[in-house]
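Read-outs: derived from the displayed coordinates by stated rules, not from any lab. No experiment lies behind these values; they were computed from the predicted model shown. All Cβ positions, even for glycine, are placed from backbone atoms using ideal geometry, and neighbour counts span all protein chains on display.
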Amino acid sequence: MILGTGIDLIEVERIAASYEKFGERFVQRILRPGEIAYCLAHKNPAPFLAARFAAKEAVSKAFGTGIGATLGWQDIEVCKRESGEPFVVLHDKGRELFTQRGAGRLLLSLTHTQNYAAAVAVLET
């Protein structure tokens, strides 16, 4: 049974501008160390940063909370299987919400182009 769905679309340029302006402080605020290493390993990290930003927004919407006091950026980690499939690891408040909601699975799909990144999240029992 579906408990919640979330979707987010973001302009890659918006994330690129934030990264250029705030640098390491920006990425450390929204990403966990493994996510930072993955994104910054690319020649052009902006689409990958944007996809993770969109993913975290989509996950927070699937929970029905948005990003804020109940669920923060660092409570959600986007990882990648060897096949390339993205998956979510929840930490701290994210793990607590997952348990409180009686969830059993959190699905994630990502896409990005040079200009846009999008993510869809589905929270299931």
Q: Give the number of residues within the range 106-119 that are surrounded by 13 or more Cβ atoms within 10 Å (Cβ to Cβ) and either closer than 16 Å to ASN44 by Cβ or not small (Gly, Ala, Ser) (or both).
A: 8
**Q.** Single residue of the range 27-85 satisfying the filter (more than 9 Å from the chain's Cα centre (by Cα) and of a type in the set (Phe, Trp, Tyr)) that is nearest to HIS112 (Cα to Cα)
**A.** PHE48
Q: Select from the range 79-105 the residues that are over 18 Å from GLU124 (Cβ atoms) and surrounded by 16 or more Cβ atoms within 10 Å (Cβ to Cβ) and list them in ascending order.
A: LYS93
(Q) Any residue at all in the range 8-29 that's basic (Lys, Arg), in contact with a strand residue (DSSP E or B) (Cβ under 8 Å, 6 or more places away or on another chain) and either more than 15 Å from LEU97 (Cβ to Cβ) or surrounded by fewer than 21 Cβ atoms within 10 Å (Cβ to Cβ) (or both)? (A) no
